[in-house]
Amino acid sequence: MFKKALLALPVAMAVGAAAQAGEWQDPNDVLQNLLQNNPDSKYLHQSEMNIMMMPDNPALWLVEEGEELFYAQRGPNNVSLEGCDFGKGPGELEGAYVELPRYFDDVGKVMDFEMRLVHCMKELQGFTSDDSAVGQRHGSGSDIMKLTTYIAHQSSGMAWNPPLDHPEEQAMRDAGEVLFFRRGGAMDFNCASCHGDAGKQIRASVLPQMRDSQEWTKAVSWPAHRAGQDNVRSQNHRIRGCVWQMRHAGILPDTPVNTALISFWNDAARGEPAILPDLKR
Amino acid sequence: MLKKKTVGAGLALVASTVLIAGCDGWLGETGGEVDITAMSAEELADYLVLETGSYRLEQEAQEGGSARDRMTQDGIQAACSLEGDPDAETAGNVIAMARESYEAPPGGARLGNWRRGAELARSGYGYRVGHRNDDHGQREPGGNCYACHQMDPAEELYGTLGPSLAGYGATRGNDSAVVNYVHQVVSNPHQYFPCTQMPRFGRNNFLTEEQIAHIMAYLLDPASPVNQ
């Protein structure tokens, strides 16, 4: 069933494509190219099994469900999400995901993708935090992950290109870089403790190096089906997991530390094509 | 409701912000008065961590104190928040801070039981807080050495972030100079490796002195599988 969505997309892209962002590409093609260009990357090549499974990535099942949710009239206000502006205009999804976080005039601040989605579900559709539609952030069964996967998929193969024109976008990106290197917590870790060198392993996992943009584009390509957890996960879920393992304080959703970290990490993958959705260990 | 508060607090301040900084920047959820573009990246990062409700800072930390204490940097954490290796001056300062804050165990460093050390070296449990909290009443926290180091050469799952420690005691022996040195490295490693990625297991109260003694035995006891 997701095949339909896959086939329909490139046609739509050809018509409305923003040339600068690059062409839509099937996530498996993006991955295959990366693998070919980086034959020595232990991180990219670590799981033959996942590479083989990529054409049947279970995350693709969420695309169609997410599409239905996006266009359905929902919430107390009974409207669809077509009025939601992810930065390219209301309802314009092509290329939107790879150009976030960005500054939004209507709220006067920089928002990352999930923040923006939740903002629209609350402001347009009238959901509140108590509704599971926005309250439940994680798991393949959640509305948020279905919508995230559908919307992100519209940017597959396009280059990460978070805007830095607005001074707040630049400020958040720069703060995110400082946060990446900010040591703290019970183990004195920063993000670079584990993502500073290429080909290093924590137990069995090969870790991506942040300064290698071709490793890093895969690293930040979420949503991704996590085989080990049998669920589709988001960028924010990844941050929460790493922060928890670092023995820092627990990080909360919809908060600016998430936004700053994502501003920086998407920037660190700038110019490289996104794999949306990806499949990870 | 958040929104109302922001607008209310923001309105009066927009004018002054615009006048002073010529900029309309502030973070919505922080009460409205902050121009994030007027801060240095370092100031903004600290502000984001400590003032924006991004973390559950009021949560209790297992080692005592709160999660806020964990996110408030001490001298070594602040000095080592850098990319790559520290320059000579920073390294010197960090070594000095580490020496000053090192505590030798009462009665001197000693070796415990390597079997207990083996368990502690494997266990990655402990000290995690947030959406799930590690409960030290249910399970003893460990040192998680294998996440970064090879130790027992027969063990297949190990990390490579730190150097291999296979045969560590077999090549070095375990006289008191070696035992004291290893204690310093496990407890407060920046004395020898300024800005290392290795945690300060003693200084941060992550492992007890007894646990450190067991892990040292795992490394240095001739009977330990690490040295076979």
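The values are calculated or read from the model by the stated rules, or taken from the named source; none is laboratory data. None of these values were measured; they are calculated from a predicted model. Quick reminder, even Gly has a Cβ in these numbers, built from the backbone with ideal geometry, and neighbours come from all protein chains shown. Heavy atoms of the whole protein, side chains included, go into the accessibility calculation; ligands, DNA and RNA do not. Shrake-Rupley method; radii C 1.70, N 1.55, O 1.52, S 1.80 Å.
Here are the numbers for the structure shown:
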{"read-out": "Between the range A:18-75 and the range A:178-219, the alpha-carbon center distance in angstrom", "value": "22 Å"}
{"read-out": "Solvent-accessible area of residue A:116 with every protein chain in place, 1.4 Å probe, in Å² to the nearest 10", "value": "10 Å²"}
{"read-out": "Per DSSP, loop GluC sites (Glu not before Pro) in the range A:137-189 with at most 16 further Cβ within 10 Å", "value": "none"}
{"read-out": "Under 5 Å, built H, 5+ apart or other chain: amide partners of residue A:279", "value": "A:225"}
{"read-out": "Chain A: antiparallel DSSP beta bridges as a percent of all, rounded to 5", "value": "75 percent"}
{"read-out": "Share of pairwise Cα separations in chain A, more than 34 Å, in percent", "value": "13 percent"}
{"read-out": "Alpha-carbon centroid distance for the pair the range A:255-271 / the range B:47-88, whole angstrom", "value": "19 Å"}
{"read-out": "At 1.306 mPa s and 10 °C, Stokes D of chain B from Kirkwood alpha-carbon radius, µm² per second", "value": "78 µm²/s"}
{"read-out": "Nearest-10 value in Å² for the accessible area of residue B:215, using the 1.4 Å probe", "value": "10 Å²"}
{"read-out": "Protein-only accessible surface order, largest first, of A:216, A:61 at 1.4 Å", "value": "A:61, A:216"}
{"read-out": "Among B:199, B:163, B:105: highest mean-square fluctuation, GNM of chain B, C-alpha pairs under 10 Å", "value": "B:163"}
{"read-out": "Global geometry of the range A:175-274, whether rounded, prolate or oblate, following the gyration tensor of its Cα atoms and the 1.5 cut on a/c", "value": "rounded"}
{"read-out": "Cα-derived Rg to Rh of the range B:140-228, Kirkwood definition", "value": "0.93"}
{"read-out": "Phi-based couplings in Hz for the range A:187-203 (Karplus 6.51, -1.76, 1.60; Gly and Pro marked x)", "value": "10, 6, 7, 10, 5, 5, 3, 10, 10, x, 10, 7, x, 7, 10, 10, 6"}
{"read-out": "Residue among B:197, B:138, B:150 with the largest mean-square fluctuation in a Gaussian network model of chain B, springs linking Cα atoms under 10 Å", "value": "B:138"}
{"read-out": "Kirkwood hydrodynamic radius of the range B:27-88, Cα pairs, Å", "value": "13.6 Å"}
{"read-out": "The range B:71-149: trypsin sites (Lys or Arg not before Pro) falling in loop per DSSP and having at most 16 other Cβ within 10 Å", "value": "B:110, B:132, B:139"}
{"read-out": "Most mobile listed residue (A:142, A:80, A:132) in chain A, GNM with C-alpha springs under 10 Å", "value": "A:132"}
{"read-out": "Backbone HN-Hα couplings from phi across the range A:114-122 [Karplus 6.51/-1.76/1.60, Hz, Gly and Pro as x]", "value": "5, 4, 5, 4, 5, 4, 5, 5, 7"}
{"read-out": "Solvent accessible area, Å² - residue B:43, 1.4 Å probe, full protein context", "value": "100 Å²"}
{"read-out": "Under 27 Å, Cα to Cα: Lys pairs in chain A, sequence gap 8 or more or different chains", "value": "23"}
{"read-out": "When the convex hull of its Cα atoms is projected in every direction, mean area for the protein assembly as shown (nm²)", "value": "25.4 nm²"}
{"read-out": "The range A:73-147 - Debye-derived log10 I(q)/I(0), Cα point model, q = 0.16, 0.26 Å⁻¹", "value": "-0.56, -1.34"}
